[in-house]
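Contents: one structure, followed by commentary.
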Amino acid sequence: MISIDLNLDYMGARGHAEAMQNEFKNLKIIEGNSLHLLNDDFFSSEFPNVLDYIFVDGGHEYNEAYSDIENSFKFLSDGGIMIIDDYYSGLPDGCTLVGVNYAVNDFANKNNL
């Protein structure tokens, strides 16, 4: 499992990430800008085989979200699962991030998903 987040310095996320990685050895949480991290070289060196599960938690603007999805999807195995954080998030416990919603919907439509 891959989880990408721009900044883990909020609401105890860094501690939770470390605890989860210690508990689940197949989990890798990456802190950084997904626009720069998610590329063919990164996946080829870090994960030379296809991935069965990808959790995308990158940028919240349309272009960032679309790029995260597109760059990750090509490394997803047939029958694999990709979860996009903040897709149709909203009240009462969160805020609506329409850029993510549009990016997921556009990518799904473009790729007949």
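The values are calculated or read from the model by the stated rules, or taken from the named source; none is laboratory data. The shown structure was predicted, so the numbers you read here are calculated from the model rather than taken from an experiment. Heads up, the Cβs are rebuilt from the backbone with ideal geometry, glycines too, and the neighbour counts pull from every protein chain shown. Areas reflect the complete protein model, heavy atoms only, side chains present, ligands, DNA and RNA absent. Shrake-Rupley method; radii C 1.70, N 1.55, O 1.52, S 1.80 Å.
Among the criteria (1) modelled with pLDDT of 95 or more; (2) surrounded by fewer than 11 Cβ atoms within 10 Å (Cβ to Cβ), the one Asp41 does not fulfil is (1).
Tell me whether the range 50-58 contains one or more residues that are modelled with pLDDT of 90 or more, out of contact with any strand residue (DSSP E or B) (no Cβ under 6 Å at 6 or more places or on another chain) and open to solvent by 30 Å² or more (accessible area, probe 1.4 Å). Scanning the range 50-58 turns up no residue that is modelled with pLDDT of 90 or more, out of contact with any strand residue (DSSP E or B) (no Cβ under 6 Å at 6 or more places or on another chain) and open to solvent by 30 Å² or more (accessible area, probe 1.4 Å).
Taken over the range 7-34, the residue count meeting the criterion of being assigned to a helix (DSSP H, G or I), hydroxyl-bearing (Ser, Thr, Tyr) and loosely packed, with under 12 Cβ neighbours inside 10 Å is 0.
Scanning the range 82-112 for residues being open to solvent by 40 Å² or more (accessible area, probe 1.4 Å) and either assigned to a helix (DSSP H, G or I) or farther than 21 Å from Asp40 by Cβ (or both) gives a total of 16.
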